[in-house]
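Here's the structure we're looking at; comments come further down.
The values are calculated or read from the model by the stated rules, or taken from the named source; none is laboratory data. Predicted model only: the values in this text are computed from it and were never measured. Don't worry about glycine lacking a Cβ; one is built from the backbone with ideal geometry, like all the others, and counts go over all protein chains shown. Note: areas computed on protein heavy atoms with side chains; ligands, DNA, RNA excluded. Shrake-Rupley method; radii C 1.70, N 1.55, O 1.52, S 1.80 Å.
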Amino acid sequence: MIFCVEDDAGIRNMMTYTLNSSGFEAEGFSDGSEFFAALEKNIPDLVILDIMLPGDDGLVILSKLRSQSATADVPVIMATAKGTEFDKIVGLDMGADDYLAKPFGMMEMVSRVKAVLRRSKPKEKAKIVRVGRIEMNLNEHTVVIDNERLKLTLKEFEMLRLFMENLGRAFTREELLEYIWESDYLGETRTVDVHVGTLRTKLGECGEYIETVRGVGYRMEARV
């Protein structure tokens, strides 16, 4: 959702129409009072904020947005009168993410909205799985033991991931073949034994975490 705060009804309607036509959801507000009333119900993904407004001007509204935890990180594009460099500088210094100089084209507005949303998109948090001294980063596809990165093959990585995410569960060799090599693999279960052996070797002392379950297969147990 994009909120457009603009006191000129014609410009405001054109802005919301263009944004809605470009695949966004947009609502328009004529002043700060309407805008803050809407914020109590919904926090937008981005705000386009005119500086020259009745009542609180855009810089005052921006300051209020940045001072409240719920809206402190909402991206804001300031709309400034052409040639008012001072307003642009002040707005950016106060935490605005970009600005539009009036009169601006609607396609320029859409382009800037897309760019700001791309920049402000939160980075995906690293998904970390830890078992004992082993640390696996699923986003980076890395495995570290005592700050030393291991060089694992894809199959070794996927096998270790399966064990680490299912501590204590015993997997049969057939299950490991199905999970790691997929069900259409035509090889023998001996393949599993070989990969478990190489994985244990690469894990060093932590290779002891992978236990052999007689008559079944393998499981992982965390050890301090």
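Okay, here's what the table says:
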{"read-out": "Sequence of Tyr99, Tyr17, Tyr179, Tyr218 when ordered by accessible area, the most exposed leading, probe 1.4 angstrom", "value": "Tyr17, Tyr179, Tyr99, Tyr218"}
{"read-out": "Most fluctuating residue given options Leu117, Leu65, Leu167, as computed from a GNM of the chain linking Cα atoms under 10 Å", "value": "Leu167"}
{"read-out": "Amide H partners (placed H, <5 Å) of Met78, local residues excluded", "value": "Leu49, Asp97, Asp98, Tyr99, Leu100"}
{"read-out": "Region 133-185, accessible area per residue, ligands and nucleic acids excluded (1.4 Å, Å²)", "value": "59"}
{"read-out": "With Cα atoms, 0 to 90° folded angle of helix 154-164 axis to the chain main axis", "value": "90"}
{"read-out": "The chain: antiparallel DSSP beta bridges as a percent of all, rounded to 5", "value": "50"}
{"read-out": "Sequence-distant residues sharing a close amide H with Phe29 (under 5 Å, placed H)", "value": "Cys4, Val5, Glu6"}
{"read-out": "Under 21 Å between alpha carbons - lysine pairs in the chain that sit 8 or more apart or on different chains", "value": "11"}
{"read-out": "Cut-off of 10 Å, at most 13 other beta carbons, DSSP loop: longest stretch of the chain lacking such GluC sites (Glu not before Pro)", "value": "41-123"}
{"read-out": "Most to least accessible of Thr80, Thr172 (protein chains only, probe 1.4 Å)", "value": "Thr172, Thr80"}
{"read-out": "Helix 9-21 axis, angle to the chain major axis (alpha carbon atoms, nearest 10°)", "value": "20"}
{"read-out": "Whole-Hz couplings from phi, Karplus 6.51/-1.76/1.60, listed for region 216-221; x for Gly and Pro", "value": "10, x, 9, 8, 10, 10"}
{"read-out": "Whole-Hz ³J(HN,Hα) from phi, Karplus 6.51 cos²θ - 1.76 cosθ + 1.60, for region 36-41, glycine and proline x", "value": "5, 5, 5, 5, 5, 9"}
{"read-out": "Rounded to the nearest 10 Å², the accessible area of Lys114 at probe 1.4 Å", "value": "90"}
